[in-house]
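Structure first, then comments.
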């Protein structure tokens, strides 16, 4: 069985190879380790291998993990669906939120962001595949939402995020990621972040401009979902 450190090295090699194939600098592509359902010890092992950015989907699980890892200088990203009653702890305990899809949530995060912390880095989640089961604003709603979020005082709009419909077809993978990139370019807001690509499609995402790839299974192995705290 591969260790987490070995897996991080393998994923790093995939990122570098994909960047080279696309004529990109691999330093412009961040690896976000998705540690949901994994124990704090797995995060420690990843940190020991040089990983600093971690993504969590389930708030209570993330807060418990953070509390047991306060000795490490970790950067926490919230990447799951956000309920209105969960915005305060997200605003207080994360540096990034990748999954904002409506103005009400953005307004609450801005209001509840502690004054002593830097502005919260925000990505707007877009439902590029039009799946009814997926979170994310529609492409038609994006421009109004993005411009409204730029006016909120304690947030910094960085870019867009998407979780396209899964497919093994590289052409379809690239088409979905290209759509997100085109939507971002069309906003003309000088945004610098595209959060897209996971373990099975990171190469296609990098080819279309990803600046964060969100990798869980390829680093930590298959997940046991059990009954995580929301």
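The values are calculated or read from the model by the stated rules, or taken from the named source; none is laboratory data. Since we're looking at a predicted model, the values are computed, not measured. Methodologically, a virtual Cβ is constructed for each residue, glycine included, from the backbone with ideal geometry; neighbour enumeration extends over all protein chains shown.
What to note about this one:
- Qualifying residue in segment 36-48 (condition: in contact (Cβ under 8 Å) with a residue 12 or more places away in the chain and more than 18 Å from residue 215 (Cα to Cα)): no
- Residue within segment 219-230 that is over 25 Å from residue 108 (Cβ atoms), within 16 Å of the chain's Cα centre (by Cα) and surrounded by fewer than 20 Cβ atoms within 10 Å (Cβ to Cβ) present: no
- Candidates in segment 184-209 are the residues that are within 20 Å of residue 142 (Cα to Cα) and out of contact with any helix residue (DSSP H, G or I) (no Cβ under 7 Å at 6 or more places or on another chain); of these, the one that is surrounded by the most Cβ atoms within 10 Å (Cβ to Cβ) is 195.
- Pairs where the first residue, in segment 1-24, is in contact (Cβ under 8 Å) with a residue 24 or more places away in the chain and at negative phi and the second is outside any helix (DSSP H, G or I) and loosely packed, with under 13 Cβ neighbours inside 10 Å, C-beta under 9 Å, 6+ apart: 5/50; 8/50; 10/2; 19/25
- The residues in segment 9-37 that are outside any helix (DSSP H, G or I) and surrounded by 19 or more Cβ atoms within 10 Å (Cβ to Cβ) can be counted, and the count is 7.
- Residue within segment 164-173 that is buried (at least 23 other Cβ atoms within 10 Å of the Cβ), in contact with a helix residue (DSSP H, G or I) (Cβ under 9 Å, 6 or more places away or on another chain), in contact (Cβ under 8 Å) with a residue 12 or more places away in the chain and not in a strand (DSSP E or B) present: yes
- Exactly one residue out of 50, 80 is at positive phi and modelled with pLDDT of 95 or more, and it is 50.
- The residue list 120, 109, 59, 74 contains one member that is in contact with a helix residue (DSSP H, G or I) (Cβ under 7 Å, 6 or more places away or on another chain), farther than 20 Å from residue 193 by Cα, in contact (Cβ under 8 Å) with a residue 12 or more places away in the chain and crowded, with 17+ Cβ neighbours inside 10 Å, which is 59.
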